[in-house]
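Reading through the structure tokens given below for one structure.
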Amino acid sequence: MQRLRLAEGVPEGLEVWRLALDLNAPVADDDDRLLSRAEWQRAQRLRHHADVVRAVATRAALRRLLSEHTGIAPEKLVFTLNAYGKPELENADGPAFNVSHSGSVVLIALAPSGAVGVDIERCRPEAELAPLHGLVLSPSEQRDRIRGATLPFMERWVVKEAVLKTLGLGIADYLQALSVSPAAVPPASYCLKHSLPVSSPLQAWPLPAPSGYAAALGYAKSYVKSNVQNERYSTNF
């Protein structure tokens, strides 16, 4: 795992780790043994070997990182979910966290306080993504696109996902409620305007990503956690 160097202005204490996977390799025994029974069962239901490797390696890596911050053995960590499925540690004083993966790349973000979200996606040709513009772009973003002053669609997409994952909100319900524009002075945070049901200031930054990928980090410093379900939950692959 590699700890990424983050953009200027990212609050102290935020961490983003990148894991590169060999999706053709067998599932590592050292990873497999860290998963809870529910996590293991969910991974085994996946149809493709690459998906199993990705699911197991991602959860094992997350457990190891959280163990370092909490002092709890990685296999002993227990998670709860908010109403939209975002996991949090149960009965443990540890960092906020979020995970994203695409292709053979995994990102794990940690924050000592507040809330954090991360997203990585494989890039696709702009022409192929055109049918999604009406579903994803806010009215102001669509006007910017017509004027030609716009971010690449996939860059805008990962910023929106990272911010909405920060808040633990349903992605599809709020895409058009958030507008993203470039930072005045890159690599500072993106300019965000929104009508989301939150009062916390929101920030987002680009993340370094391998060629062919786009990635972003979202953060809310004083975000109040959403209600969580009273159930033990073990996976959010």
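The values are calculated or read from the model by the stated rules, or taken from the named source; none is laboratory data. Quantities reported herein were computed from a predicted structural model and do not represent experimental measurements. Glycine gets a Cβ as well: all are built from the backbone with ideal geometry, and neighbour counts include every protein chain shown. With ligands, DNA and RNA removed, areas are computed over all heavy atoms of the protein, side chains included. Shrake-Rupley method; radii C 1.70, N 1.55, O 1.52, S 1.80 Å.
Within the range 136-160, the set of residues being among the polar types (S, T, N, Q), open to solvent by 50 Å² or more (accessible area, probe 1.4 Å) and not in a helix (DSSP H, G or I) comprises THR150 only. Within the range 76-119, being at negative phi and among the small types (Gly, Ala, Ser) holds for ALA83, ALA92, GLY94, ALA96, SER100, SER102, SER104, ALA109, ALA111, SER113, ALA115, GLY117.
Can you confirm whether PRO87 is open to solvent by less than 40 Å² (accessible area, probe 1.4 Å), closer than 21 Å to LYS221 by Cα and touching a His at 6+ places or on another chain (Cβ under 9 Å)? Considered against the rule, which asks whether it is open to solvent by less than 40 Å² (accessible area, probe 1.4 Å), closer than 21 Å to LYS221 by Cα and touching a His at 6+ places or on another chain (Cβ under 9 Å), PRO87 comes out as no. Any residue in the range 13-22 that is touching a helix residue (DSSP H, G or I) at 6+ places or on another chain (Cβ under 7 Å) and farther than 20 Å from PRO210 by Cα? No, that holds for no residue. Right, GLU68: touching a Leu at 6+ places or on another chain (Cβ under 8 Å), acidic (Asp, Glu) and over 19 Å from GLY168 (Cα atoms) or not? The answer is no for GLU68.
Applying the selection to the range 100-135, what residues are open to solvent by 40 Å² or more (accessible area, probe 1.4 Å) and part of a strand (DSSP E or B)? Matches in the range 100-135: HIS101, GLU121, ARG122. Taking the criterion of being buried (at least 16 other Cβ atoms within 10 Å of the Cβ) and modelled with pLDDT under 90, the residues of the range 183-195 that qualify are ALA188, SER189.
Sub-8 Å Cβ pairs linking a first residue in the range 22-35 that is within 19 Å of GLY103 (Cβ to Cβ) to a second residue that is open to solvent by less than 50 Å² (accessible area, probe 1.4 Å) and part of a loop (DSSP other than H, G, I, E, B), at least 6 apart or interchain, are ASP22/SER104; LEU23/SER104, ordered by first then second residue.
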